[in-house]
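These notes concern the structure reproduced below.
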Amino acid sequence: VILAITRTPRRFCCCSARASTMTRLQTLLLLGACVGSSAFASRVPRTSVVKPLRPAGAKKTIAMVGVPVDVLANADVGQKLVGAKGMALKIAMGLRGGQVDFATTVAPALGATIANAMFLSGLPAVNKARKDRSLGDLNPLPFPIGFGNCLGWLIYGILLKNPFVVAANFPGLLLASYYVMTGMKLGSTEQKAGVEKTFLAIMTIHTAAALYGGFVCADVGAAVGLYGLVNNAILLAYYGAPLSAMGQVLKTKSAASIYAPTVTINFLNGVFWSLYALAISDTYLLVPNAIGAVLATSQLFLCVIFRGGAKAA
């Protein structure tokens, strides 16, 4: 951090004092986030166990976990444990006699794989822009939003020690950093200003959340709830794009602006993560993914209705 602040190459400072100032501001914001996170980590007992958050007075439910084969083989014990219907559901959703549960193991693994594939889908266009030394039609504004989204869910996964959430966002955070740097390097003056403002806004939110979690939140459960709310708020910016595209389709009566394969992947991603969130009773994970699945379903529905609109136009 000290090197980044004090040893900025002078040739860049002379050419663009504003760019150098913004770089230092971003570095200071990142430093604030690190300090807040460190302060929070120093207050967390190493032996603490985070339990799934439940509303006060909510009825306790049994999480869907794998049941050993010998238990399933004994009808009496199985009925006492999960009941006839629960046992049938275990057999239907389990793999190899219920040793691996689809909702809590396979679904999040598929969701993490799809999420990483979605992050990687932008890499060819970004590499092409770097090769051509121009962004062309590439819009860099979603890059800092993607960075903030991955950073928030990565912290959320670390707090819960959830390997699926971490695996779904750690590669995306690195790719989003690469995308943001590309946008700042090749974008026009207007594009760079938009990326700077968005990135600073995202980092201000995360810095404030880190400081609040480190000095105000009483325990890890409170910090998990805080970051769950922060991540859901950031995702609202993501949902602006599909809503805008749907409005354009309804206005022009043409679905040419909707790419069905990408929307289908978004739908599957939302479904897998929603299924996992229901299985572990995680509301913060369920809400954004369920909304994403509904939006993707709506876009696919518009594709079916207006599939001939582009030809007619």
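The values are calculated or read from the model by the stated rules, or taken from the named source; none is laboratory data. Predicted model, so just to flag it, every value in this text is computed and none were measured. Just the protein is used for accessible areas: all its heavy atoms, side chains included, with ligands, DNA and RNA removed. Shrake-Rupley method; radii C 1.70, N 1.55, O 1.52, S 1.80 Å.
Key figures for this structure:
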quantity	calculated
Probe 1.4 Å - accessible area at TYR238, Å² to nearest ten	70 Å²
Heavy-atom accessible surface of segment 157-245: percent carbon and sulfur, 1.4 Å	74 percent
Residue-normalised accessible area of segment 233-313, expressed per residue, 1.4 Å probe, Å²	54 Å²
Translational diffusion of segment 137-269, µm² s⁻¹ [Kirkwood Rh, Cα pairs; Stokes-Einstein; 37 °C; 0.692 mPa s]	200 µm²/s
Whole-Hz ³J(HN,Hα) from phi, Karplus 6.51 cos²θ - 1.76 cosθ + 1.60, for segment 125-141, glycine and proline x	5, 5, 5, 5, 5, 5, 5, 7, 6, 7, 6, x, 8, 6, 8, x, 4
Shape category assigned to segment 101-142 from the gyration tensor of Cα positions, a/c cut at 1.5	prolate
Phi to ³J(HN,Hα) by Karplus 6.51 cos²θ - 1.76 cosθ + 1.60 over segment 248-256, Hz, x for Gly, Pro	5, 5, 5, 6, 8, 6, 9, 9, 5
